[in-house]
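Report on the following structure.
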C-alpha cells in the first residue's frame, strides 16, 4: 500500500477545478483531506494524504495528472525533530504552524508536537529563536 502526504498549491484560476474528484474516480485513490485553505477566485492550498488502495490505484498517474492541470505539488518527506534541552517552551513556533502540529501543554507549559499533523513546511524551524527545531531526512 502506497501512502503519501502532499500539499497542492492551486493558482486562483484553478481552485474550482474538481482535482480531488478525478484522483478518486480516474485514479482509484483514497483522498484524506487534512487541511484546506481554498476560496473561489483566490490561490489555495490543500494538504492531504493519498492512498492507492492496496496497490489498486495509480498514485504516480494521479500526481502526474495534478501537475498537468497546473497545480504545484509538494510531497511531504522527512520529519521535524525538537531538541528538548534547547527548547525554551516559548511558543514562538505555535502561531506560524498552520497544520496545528505544535501546542503548549496547558498544565506544564511544555511544547507538544504532534508529528501526525506536521506537513514539514519548516515555518517552525524559522520561527524558533533557540534553534531547537530541525528537519531530519
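Take residue 71 and tell me if it is within 23 Å of residue 127 (Cβ to Cβ), in contact (Cβ under 8 Å) with a residue 12 or more places away in the chain and crowded, with 18+ Cβ neighbours inside 10 Å. In short, no. Summed over segment 33-51, residues that are over 22 Å from residue 79 (Cβ atoms) and in contact with a strand residue (DSSP E or B) (Cβ under 8 Å, 6 or more places away or on another chain) total 5. Is it the case that some residue within segment 100-110 is closer than 16 Å to residue 34 by Cβ and touching a strand residue (DSSP E or B) at 6+ places or on another chain (Cβ under 7 Å)? Yes, there is a match, as at least one residue in segment 100-110 is closer than 16 Å to residue 34 by Cβ and touching a strand residue (DSSP E or B) at 6+ places or on another chain (Cβ under 7 Å).
Of the residues that make up segment 76-92, is at least one closer than 13 Å to residue 124 by Cβ, in contact with a helix residue (DSSP H, G or I) (Cβ under 8 Å, 6 or more places away or on another chain) and not in a strand (DSSP E or B)? Yes - at least one qualifying residue is present in segment 76-92. Filtering segment 14-58 to residues that are free of Cβ contacts under 8 Å to residues at least 12 places away in the same chain and in a helix (DSSP H, G or I) leaves 21, 24, 25. The set of residues in segment 59-75 being closer than 10 Å to residue 8 by Cβ and in a strand (DSSP E or B) consists of 72, 73, 74.
Yes/no matrix, rows are residues, columns are (1) in the same structural domain as residue 37 (by TED's automatic domain parsing); (2) out of contact with any strand residue (DSSP E or B) (no Cβ under 6 Å at 6 or more places or on another chain):
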| site | (1), (2) |
| --- | --- |
| 68 | yes, yes |
| 90 | no, yes |
| 94 | no, no |
| 116 | no, yes |
| 123 | no, yes |
| 126 | no, yes |
| 130 | no, yes |
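Just a yes or no: is a residue in segment 25-32 in contact with a strand residue (DSSP E or B) (Cβ under 7 Å, 6 or more places away or on another chain), on the phi < 0 side of the Ramachandran plot and modelled with pLDDT under 90? Reasoning before the result, please.
We begin by selecting, within segment 25-32, every residue in contact with a strand residue (DSSP E or B) (Cβ under 7 Å, 6 or more places away or on another chain); these are 29-32.
Now restrict to residues that are on the phi < 0 side of the Ramachandran plot: 29-32.
Within this subset, residues satisfying the condition of being modelled with pLDDT under 90 are 32.
Yes, that holds for at least one residue.
Across segment 1-18, the number of residues qualifying as within 17 Å of residue 49 (Cα to Cα) and in contact with a strand residue (DSSP E or B) (Cβ under 7 Å, 6 or more places away or on another chain) comes to 9.
The test for being surrounded by 12 or more Cβ atoms within 10 Å (Cβ to Cβ), assigned to a loop (DSSP other than H, G, I, E, B) and in contact with a helix residue (DSSP H, G or I) (Cβ under 7 Å, 6 or more places away or on another chain) does not hold for residue 99.
The values are calculated or read from the model by the stated rules, or taken from the named source; none is laboratory data. Keep in mind it's a predicted model, so treat the numbers as computed, not measured. Don't worry about glycine lacking a Cβ; one is built from the backbone with ideal geometry, like all the others, and counts go over all protein chains shown.
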